[in-house]
Amino acid sequence: MKEKNLKRLWSWIWAAVLAVLIAVIIRFYLFVPILVDGISMMPTLHNDDRVIINRFGHVDRFDVIVFREKDGKEYIKRVIGLPGDTVEYKADQLYINGKKYDEPYLDTYKKKLKDGYLTDDYSSKDQLNGGKIPENTYFVLGDNRRASKDSRIIGPIPLSKVLGTTPICYWPIKDAKLID
């Protein structure tokens, strides 16, 4: 009888250790929570929102990513340009490789503007050699274009500095959503 109880106890201990190990792997390696610091991604994300970083998967145009800059600080921005792209803004309109793109995530801010454009005129041709986003880098912008330290200032972001995409905002609960 003692041997049977001992086996049952060990099976429970093993299950608990395995559960903790899986939780640690998920928490620290797969889906990492991060705190939004600042207003550069408004209205999509607000200061003190909490998001999940997905460390795996492919980075696509318009994904929101987290990257670590040279100063060690983590930034959250939206991918606009992929390697090989040219990026241009004219009269608040985005053009990638000469093709016009809509940015519906900016509509809220654009409607509130009383003066000028949300995104100043810009051309990657004025900033980058050949005008194209270099290989293994991304051109990123904050959704709050007037208050964002992004690729217009710091240049394209190397893939090696990207920590992952941010598909989910989970806090505060009233603002929980999938990030588009």
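The values are calculated or read from the model by the stated rules, or taken from the named source; none is laboratory data. The structure displayed is predicted, hence computed values, not measured ones. Positions of Cβ are generated from backbone atoms using ideal geometry, with glycine treated the same way; all protein chains shown enter the neighbour counts.
Here are a few things to note about the model shown:
- Qualifying positions in region 151-167 - at pLDDT below 90 and of a type in the set (D, E, K, R): none
- Residue pairs meeting the criteria (Cβ under 7 Å; at least 6 apart or on separate chains; first in contact (Cβ under 8 Å) with a residue 12 or more places away in the chain, in region 156-168; second part of a helix (DSSP H, G or I)): 157/151
- Scoring residue 71 on the criteria (1) at pLDDT 95 or above; (2) more than 14 Å from residue 159 (Cα to Cα); (3) of a type outside the set (S, T, N, Q) leaves a single failure, condition (1).
- Evaluation of residue 106 against (1) at pLDDT 90 or above; (2) of a type in the set (A, V, I, L, M); (3) buried (at least 19 other Cβ atoms within 10 Å of the Cβ) (one fails), failing number: (1)
- Note on region 41-92: residues that are part of a loop (DSSP other than H, G, I, E, B), more than 13 Å from the chain's Cα centre (by Cα) and of a type in the set (Gly, Ala, Ser) amount to 3.
- Some residue of region 127-140 being buried (at least 17 other Cβ atoms within 10 Å of the Cβ) and among the polar types (S, T, N, Q): yes
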